[in-house]
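Quick note: the coordinates plus some simple rules give every number you see, no bench work behind them. No experiment lies behind these values; they were computed from the predicted model shown. Reconstructed Cβ throughout: ideal geometry from the backbone, glycine too, with neighbour counts over all protein chains shown.
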Amino acid sequence: MKKPAITLSAIIFMVGANLTSCDSPKSKVEDAKVNVTEAENELDQANQEYQTEIENYRMETATKISDNDIIIADFKKKIANDKKDAKAKSEKKIAELEQRNRELKQKLDNYKAEGKDQWTTFKTEFNHDMDELSKAFKDLGVNNVK
């Protein structure tokens, strides 16, 4: 008599555990909707941060490019009284630097946001190009004549 009562109790316990642990399809759908909404909000926030990063970078680099234009104008004033040969060499260097500066500005203006990976690659390459141009500007004022 004890054996059937224990077996019956065990079966009732197992059935009760199964019934209480099972979620209804309705609650699963609601949980999925909440998860999707949260994921969409996170994606929107990440996209907003990405766009803000691009705009901030554009403003910073536009300032650097404008500074380069000022350096070029100042250097043109400095070489105005140089000898003809030295002035011609300097003007040629200035023209090359002006062209590189314009190309960088155009490259930045033409960049279209295509994804985080492409942005990282673009920014790395662009920073390298800007650093090279900055070095060239520093070398512009150095007179290598011995």
Quiz item: How far apart, in nm, are the 7 Å Cα→Cβ label points at ASN56 and ARG102?
Solution: 3.2
Practice problem: With unit charges on the beta carbon (Lys/Arg positive, Asp/Glu negative), name the residue among GLN118, LEU140, GLN48 whose Cα is farthest towards the positive pole of the charge dipole of the range 33-140. | Solution: LEU140
Self-check item: Length added when fully stretched, LYS112-THR7, from 0.36 nm per residue minus Cα-Cα
Solution: 30.8 nm
Self-check item: Whole-Hz couplings from phi, Karplus 6.51/-1.76/1.60, listed for the range 124-135; x for Gly and Pro
Solution: 4, 5, 5, 4, 4, 5, 5, 5, 4, 5, 4, 4
Practice problem: Report, in debye and to the nearest 20, how large the dipole of the range 67-135 comes out about its Cα centre when Lys and Arg carry +1 and Asp and Glu carry -1 on their Cβ. | Solution: 420
Exercise. Taking a cut-off of 23 Å between Cα atoms, list the lysines near LYS83, but don't count ones fewer than 8 places away on the same chain.
Key: LYS92, LYS93, LYS138, LYS146
Quiz item: If the viscosity is 1.567 mPa s and the temperature 4 °C, what Stokes-Einstein diffusion coefficient in µm²/s follows for the range 33-140 when Rh is the Kirkwood radius over Cα pairs?
Solution: 79
